[in-house]
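Chemist: Input: one structure, supplied below.
Laboratory data are not the source of any read-out in this text; all were calculated from the coordinates shown. Predicted, not measured: the structure shown is a model, and the values here were computed from it. Backbone-built Cβ (ideal geometry, glycine too); neighbour counts: all protein chains shown.
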Amino acid sequence: MATSASTPAPLPSPWCDAHIVVVVPTYNEAANLPQLVEELFALPLPNLRVLVADDNSPDGTGEVAEKLAATHQDRVIVMHRPGKEGLGRAYVDGIGRALDAGAEFVVQMDADLSHPTMYVPQLLGTMLATGAGLVIGSRYVSGGALAEDWPLYRKALSGWANFYVKRLLGLQVRDLTAGFKIWRAEVLRDIGLDKIHSNGYSFQVEMHYLAHKHGHKIVEVPIHFNERRHGESKMSLGVKLESAVMPFRLRRQHRKT
Ligand SMILES: Nc1nc2c(ncn2[C@@H]2O[C@H](COP(=O)(O)OP(=O)(O)OP(=O)(O)O)[C@@H](O)[C@H]2O)c(=O)[nH]1
Ligand SMILES: [Mg+2]
């Protein structure tokens with residue numbers, strides 16, 4: 001079958017058969033979401049769906065998501081949550097719903113176009129080839145990179161956060177705070193989303209830690225991370241404090257088990 005330059009032929013099996021749900025938490029991402037969804041559906045992965053977990057964004061992201069759902073029937077699921085509860089809570093809800101909707105693989109990514117969609121087939125391919133339970137799009141393995149136009153303090157904060165958490169938890173993962181990754185559904189079920197306590201960004205570290213503690217194989221592939229396209233960061237002081245305390249809590253909890 002002939003395909004146009006913009007719609008490449010579906011990848012061969014088992015890629016094209018893989019039931020993937022990309023879970024995207026959103027808060028004020030109306031300007032970014034349509035492009036993200038368009039790019040994801042241009043990938044040669046016909047069984048890929050998108051789930052948007054929106055926290056009643058004042059900028060109308062929820063309505064934008066509904067329009068996308070109407071355009072791409074059966075490929076976009078929208079969760080309207082009552083208010084801003086943090087990225088971690090939105091992911092717990094969204095991933096739970098993705099599993100209920102029959103996902104075999106769950107991708108986590110930001111809405112702001114920081115995570116280039118072209119890496120999604122590579123994340124899946126690496127998972128299939130290595131038997132990993134979690135494949136992380138990593139900024140800190142050889143070949144990976146942070147956004148060049150990120151201010152120096154953001155680069156320093158990201159590097160410091162990774163160093164700090166790694167020292168405390170002793171994990172051999174280079175990008176522990178990464179937000180772009182693919183999971184096997186059975187690994188998410190094994191970890192148990194009801195065990196996750198994080199409200200904010202420390203969700204990422206908590207999930208990586210639990211995947212490791214449950215004995216699942218974790219592989220990292222390099223990605224180039226971009227500055228957000230439109231809108232503002234939701235990184236607040238509360239989020240930073242929770243991220244600083246979380247590793248201590250995880251360590252203490254795990255000692256008891
Ligand atoms: N549903 C929901 N989504 C959130 C919340 N906080 C952040 N997000 C989303 O989580 C993703 C990551 O948040 P960002 O603000 O981009 O965080 P960041 O990447 O550290 O910050 P920037 O680099 O400045 O963009 C984005 O898709 C946000 O819209 C929240 O409270 N609820
Ligand atoms: Mg961002």
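Chemist: Using the Cα centre of region 1-89 as the reference point, and only Cβ charges (+1 on K/R, -1 on D/E), how large is the resulting charge dipole? Debye, rounded to the nearest 20.
Modeler: Rounded to the nearest 20 debye, it is 160 debye.
Chemist: Can you tell me the dipole magnitude for the chain around its Cα centre, using point charges on the Cβ only (Lys, Arg +1; Asp, Glu -1), in Debye to the nearest 20?
Modeler: 1320
Chemist: To continue, here is another question. How much of the calculated P(r) for the chain lies past 23 Å, in percent of all Cα pairs?
Modeler: 49
Chemist: As I understand it, the dipole of region 20-254 uses +1 on the Cβ of Lys and Arg and -1 on the Cβ of Asp and Glu, about the Cα centre. Which of Gly179, Asn32, Val21 lies farthest toward its positive end?
Modeler: After comparing all options, I get Gly179.
Chemist: Tell me which residues come under 5 Å, amide H to amide H, from Leu48 once H is placed; ignore anything under 5 positions away on its chain.
Modeler: Here the answer is Ile20, since their amide H atoms fall under 5 Å of that of Leu48.
Chemist: Show me the GluC sites (Glu not before Pro) within region 212-257 that DSSP assigns to loop and that have at most 13 other Cβ atoms within 10 Å of their Cβ.
Modeler: Here the sparse-neighbourhood loop sites are Glu232.
Chemist: With springs only between Cα atoms under 10 Å apart, run a GNM on the chain and tell me which of Ala90, Ala70, Ala132 wobbles the most.
Modeler: In the Gaussian network model the winner is Ala70.
Chemist: List Val239, Val173 from most exposed to least, where exposure is judged by having the fewest other Cβ atoms within 10 Å.
Modeler: If I rank by nearby Cβ atoms, fewest first, I get Val239, Val173.
Chemist: Can you tell which of Ile223, Thr130, His212 lies farthest toward the positive end of the dipole of the chain, using +1 and -1 charges on the Cβ of basic and acidic side chains (Lys, Arg; Asp, Glu)?
Modeler: About the Cα centre, the residue reaching furthest to the positive side is His212.
Chemist: Please compute the contact order of the chain in relative form: average sequence separation of alpha-carbon pairs under 8 Å and at least six residues apart, divided by the residue count, as a percent.
Modeler: Across the chain, relative contact order equals 22 percent.
Chemist: Report the gain in length on full extension from Leu146 to Arg229: 0.36 nm times residue separation, minus Cα-Cα distance, nm rounded to one decimal.
Modeler: 28.4 nm
Chemist: Using just the helices of the chain, give the 222 nm mean residue ellipticity in deg cm²/dmol: DSSP H runs with n ≥ 4 each add -39,500 (n - 2.57), and the total is spread over all residues, rounded to 500.
Modeler: Rounded to the nearest 500, the figure is -12500 deg cm²/dmol.
Chemist: Using 0.36 nm per residue of separation minus the Cα-Cα distance, give me the extension gain between His197 and His214 in nm, one decimal.
Modeler: 4.5 nm
Chemist: Which angle from 0 to 90°, rounded to the nearest 10, does the C-alpha axis of helix 87-100 make with the longest principal axis of the chain?
Modeler: 50
Chemist: Moving on to the next point. Distance cut-off 31 Å, Cα to Cα: go down the list Lys155/Lys217; Lys67/Lys213; Lys213/Lys240; Lys67/Lys234; Lys195/Lys240 and report the pairs above it.
Modeler: In this structure, Lys67/Lys213 exceed 31 Å between Cα atoms.
Chemist: For each of Thr126, Thr71, count neighbouring Cβ atoms within 10 Å of the residue's Cβ, then give the residues from fewest to most.
Modeler: Thr71, Thr126
Chemist: Follow-up. Let's see if you can work this out: charge +1 on each Lys and Arg Cβ, -1 on each Asp and Glu Cβ, no other charges. What is the dipole magnitude of region 60-155 about its Cα centre, in debye to the nearest 20?
Modeler: Around 220 debye, computed over region 60-155.
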